[in-house]
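All remarks here apply to the structure that follows.
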Amino acid sequence: MVQYAIIKCESCGNLIAIKEDSKTFRCPYCGVKASQTDSFGRKRFRVYAVVDGRDVPKTLAELKRKESKK
């Protein structure tokens, strides 16, 4: 099964799921295109969770619920 990383978009701040092995992605909320790594190959984003594709909706909902309680 494909693994997804849950990260926060640096532009709009929404939690999104991206394929863990993808180099670039586009935020489904604001449309910004970004690279997952910097020029040195280091991850640019905090990874909140890594989950199987089937668990993405449940995990996103749980993380968003936690974020809204802050």
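Please determine, by comparing only the residues of region 20-31 that are among the charged types (D, E, K, R) and surrounded by 11 or more Cβ atoms within 10 Å (Cβ to Cβ), which one is nearest to ILE6 (Cα to Cα). For region 20-31, the residue satisfying everything is GLU20. Under the condition of being open to solvent by 50 Å² or more (accessible area, probe 1.4 Å) and part of a strand (DSSP E or B), which residue from region 1-14 is farthest from LEU63 (Cα to Cα)? Per the criteria, the residue is GLN3. The residues listed here are ALA17, ALA34; of these, the one that is open to solvent by less than 60 Å² (accessible area, probe 1.4 Å), outside any loop (DSSP other than H, G, I, E, B), touching a Leu at 6+ places or on another chain (Cβ under 8 Å) and not polar (S, T, N, Q) is ALA17. The residues in region 49-70 that are modelled with pLDDT of 95 or more, open to solvent by 50 Å² or more (accessible area, probe 1.4 Å) and not in a helix (DSSP H, G or I) can be counted, and the count is 1. Of note, ALA49 does not satisfy the criterion of being farther than 23 Å from SER68 by Cβ and in contact with a strand residue (DSSP E or B) (Cβ under 9 Å, 6 or more places away or on another chain).
The values are calculated or read from the model by the stated rules, or taken from the named source; none is laboratory data. This structure is a prediction, so every number in the text was calculated from the model and none was measured. Here Cβ is always computed from backbone atoms with ideal geometry, including for glycine, and neighbour counts include all displayed protein chains. With ligands, DNA and RNA removed, areas are computed over all heavy atoms of the protein, side chains included. Shrake-Rupley method; radii C 1.70, N 1.55, O 1.52, S 1.80 Å.
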